[in-house]
Amino acid sequence: MGHSTNRVSNASCDSFGFDRSLMSALGHAGDDPQRFLQGCMRLAHRSYEKVTLWFESNFSFLSVNDRRDAMHEFYLILAHKLGTEKSQGHIQVFREDEQFGKLRFRKFLYVVARNAARDFAKKQNQIHSRERSLIEDEIATRAHKLIDEIMAEDTDQMMMDIKKRAKISDHEWAIFIASLQLSPHEVASELKIQSAGAVSAANYRVNKKLVSICAHIVSTYGHVGSLILSDSKKICNL
C-alpha cells in the first residue's frame, strides 16, 4: 500500500479523511477487487500522518528504530484483514451508521494497529530478547478486549452520557452532531439556524463543556473518548 500525507477537504469527510466513497470502496473486497485495492490505497494516503502519530506516541513498547517498520507491516496486515468476510461485515455496519460509523471505524483501525505493533514487538523480542514479555502480554489482553467490544459498544448511550454530564442543551448537541459531518454553512441550512457564525458559536460552547469533563470522557471511554474531544477541537479549529 502506498503512502503520502495528502489531506482531503470535503464536508462529507470526518477529521481523519474518511468519506462515503472510501467506505463504499472498502466494502467491495468480494465483488470488485480493483475498487477495493484502490480504496485501501486511499485509506493509507489519508491515514498515514495520524497512524504515524499512533506508532510514535502511543505504542511505547516499540523501540524507536522499530516503529516505522512496524507501521508499514500494519498496513500490509490491514489490507489483508479488511478483505476478510468478518471485516467486510463490520464495514457494512459502519457505513450504515450515519452518525458514528466513521468514529467506530477509526477505533477499529486503532485496535488493528495496536495488535500489529504488539505482534511486531513480539517477533523482534524473539530475535533479540524476551525482556519485554510481561508488557506485551498486558498489551495483548487490552487489545483483544477492545476488538471484542467494537461491535457491542453502545455508541448512542456513550454520547448521551457525555451530553448529560457536560450539561449540553439539545439544541447545541444537534449542532455539534451535525458538524461532525457538515460545514458550518451546511449545518445552518439543514437545521435552519440564522448563520454559520451561530453554528460556530454553539460548537465553541460545546467544546468548552466537553473540555470541562475531559477527564471523565477519557477515563470512561478511552481512545474513542479522546477522538470525540479531538473532533470537537477540530470543529472549532483550535
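Coordinate-derived values only; no laboratory data. Not measured: the values here are computed from a predicted model. Note that we place each Cβ from the backbone using ideal geometry, even for glycine, and neighbour counts take in every protein chain shown.
Between Q126 and A201, the distance separating the two model label sites (each 7 Å from Cα on the Cα→Cβ line) works out to 6.1 nm.
Between E49 and S219, the contour length at 0.36 nm per residue exceeds the alpha carbon distance by 58.7 nm.
The length gained on full extension between M160 and Q92, counted as 0.36 nm times the residue separation minus their Cα-Cα distance, comes to 22.1 nm. The gain in end-to-end length when the Q99 to D32 segment is fully stretched comes to 21.5 nm, 0.36 nm per residue minus the alpha carbon separation.
The trypsin sites (Lys or Arg not before Pro) of the range 150-216 that meet both conditions, a loop assignment by DSSP and at most 15 other Cβ atoms within 10 Å of the site Cβ, are K167, K192.
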